[in-house]
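Chemist: Below: one structure in structure tokens.
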Amino acid sequence: MEETFNIQAIVLNRYAFRENDSRVLAYSLEHGKMFLVARGTGSIKSKMAGHIEPFCLSELMIVRGRRYNYIGGAKSTNCFFGIKSDLEKLEVAGRSFAILNKIIKEHEVDPKLFFLINDFLEVLSDINKNINYNLFLHAFILKLVCQLGYRPELYSCVVCRKDINPNGNYFDFKKGGLACSDCQKNCQKNCLTIHKDSIKLLRFIVKENFIDISKLFVNKKISSEVIKSIIVFYNYNFK
Ligand SMILES: [Zn+2]
């Protein structure tokens, strides 16, 4: 008898496989990242294909196979059409998925991560005004790395452990957080100076949800500094 089980999954990627099938990379609530095979999706008669497109949140029935796990049935619950109909949002979602594909390992179950991705897609899909999409993408990256256990220390100095005062601080990537002005001599090439408003923004992103983050109006200088900090912090830990 075939063994089946049901999952809730966000489709991260799908590509043609064998003559008429496709391979699906999904992040599921129950089993983390999974590689699956969907049969017959190359056919125009396929009823399943529309439910397993990238960015869809779907309920999948999985049939355990010897070599692969197969998708036996699929029903999308949200395909985030607000993303698919907007090129700028599509690019943001695509870049976020490229990072997820790269850094998430197979079968590491993390429900909080599943809901983080889902919330990000939901808010991105629903946004109906012009926002700083690049900042929004990097907010997702920062929240993602926090969820993976790389939360930067933003409240006390990573060298002397004193509370961070507003001015004269550095972001020390090697030590994983902020260093105060007294400890700057310890910072060499792994540091960036950081403005007090950038510190506030980093703390806000770590603490608050995507709806509140999407409502922020941030000046260009601060958003550039925060984006740069997040990129350098991400690269230091994941490249
Ligand atoms: Zn210090």
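Chemist: Which residue pairs have Cβ atoms closer than 6 Å, lie 6 or more positions apart in sequence or on different chains, and pair a first residue in region 181-194 that is farther than 16 Å from residue 162 by Cα with a second residue that is more than 8 Å from the ligand (Cβ to nearest atom) and open to solvent by 100 Å² or more (accessible area, probe 1.4 Å)?
Modeler: Once the first residue is farther than 16 Å from residue 162 by Cα and sits in region 181-194, its partners that are more than 8 Å from the ligand (Cβ to nearest atom) and open to solvent by 100 Å² or more (accessible area, probe 1.4 Å) give 190/174.
Chemist: Quick check: anything in region 209-226 open to solvent by less than 20 Å² (accessible area, probe 1.4 Å) and either within 16 Å of the ligand (Cβ to nearest atom) or in a loop (DSSP other than H, G, I, E, B) (or both)?
Modeler: Checked region 209-226: no residue is open to solvent by less than 20 Å² (accessible area, probe 1.4 Å) and either within 16 Å of the ligand (Cβ to nearest atom) or in a loop (DSSP other than H, G, I, E, B) (or both).
Chemist: A further question on this structure: Across region 83-137, what is the total count of residues that are over 25 Å from residue 238 (Cβ atoms), among the small types (Gly, Ala, Ser) and buried (at least 18 other Cβ atoms within 10 Å of the Cβ)?
Modeler: Total satisfying the criteria: 1.
Chemist: Residues of region 176-202 being in a helix (DSSP H, G or I) and open to solvent by 60 Å² or more (accessible area, probe 1.4 Å), which ones?
Modeler: First, the residues of region 176-202 that are in a helix (DSSP H, G or I): 181-186, 196-202.
Scanning region 176-202 gives 182, 184, 185, 186, 196, 200.
Chemist: Can we say residue 195 is more than 16 Å from the ligand (Cβ to nearest atom) and more than 30 Å from residue 86 (Cβ to Cβ)?
Modeler: So residue 195 fits the description; yes.
Chemist: Give region 33-78 a look and list any residue that's surrounded by fewer than 20 Cβ atoms within 10 Å (Cβ to Cβ) and among the small types (Gly, Ala, Ser), or say none.
Modeler: Answer for region 33-78, where residues must be surrounded by fewer than 20 Cβ atoms within 10 Å (Cβ to Cβ) and among the small types (Gly, Ala, Ser): 40, 42, 43, 46, 49, 50, 65, 72, 73, 76.
Chemist: Is there a residue in region 158-175 that is under 26 Å from residue 78 (Cα atoms), more than 14 Å from the ligand (Cβ to nearest atom) and in the same structural domain as residue 233 (by TED's automatic domain parsing)?
Modeler: No - not one qualifying residue is present in region 158-175.
Chemist: Let me ask something else. Could you list, in sequence order, the residues of region 1-32 that are in contact (Cβ under 8 Å) with a residue 40 or more places away in the chain and surrounded by fewer than 14 Cβ atoms within 10 Å (Cβ to Cβ)?
Modeler: Keep residues of region 1-32 that are in contact (Cβ under 8 Å) with a residue 40 or more places away in the chain, which gives 2-14, 24-25, 27-32.
Within region 1-32, 2, 3, 4, 5, 6 meet the criteria.
Chemist: Let me ask something additional. Looking at region 148-157, is at least one residue of a type in the set (D, E, K, R) and either open to solvent by less than 80 Å² (accessible area, probe 1.4 Å) or more than 16 Å from the ligand (Cβ to nearest atom) (or both)?
Modeler: Yes, region 148-157 contains at least one residue that is of a type in the set (D, E, K, R) and either open to solvent by less than 80 Å² (accessible area, probe 1.4 Å) or more than 16 Å from the ligand (Cβ to nearest atom) (or both).
Chemist: Inspect all residues belonging to region 180-191 and state whether any of them is outside the structural domain of residue 116 (by TED's automatic domain parsing), touching a Leu at 6+ places or on another chain (Cβ under 8 Å) and within 13 Å of the ligand (Cβ to nearest atom).
Modeler: Of all residues in region 180-191, those outside the structural domain of residue 116 (by TED's automatic domain parsing) come to 180-191.
Filter once more, so that each one left must be touching a Leu at 6+ places or on another chain (Cβ under 8 Å): none.
Checked against the condition, which is being outside the structural domain of residue 116 (by TED's automatic domain parsing), touching a Leu at 6+ places or on another chain (Cβ under 8 Å) and within 13 Å of the ligand (Cβ to nearest atom), region 180-191 yields no hits at all.
The values are calculated or read from the model by the stated rules, or taken from the named source; none is laboratory data. All figures in this text were calculated on a predicted structure; none of them were measured in a lab. For neighbour counting, all protein chains shown are included, and Cβ atoms are generated from backbone atoms with ideal geometry for every residue, glycine included. Accessible surface is based on the protein model in full, side chains and every heavy atom, while ligands, DNA and RNA are left aside. Shrake-Rupley method; radii C 1.70, N 1.55, O 1.52, S 1.80 Å.
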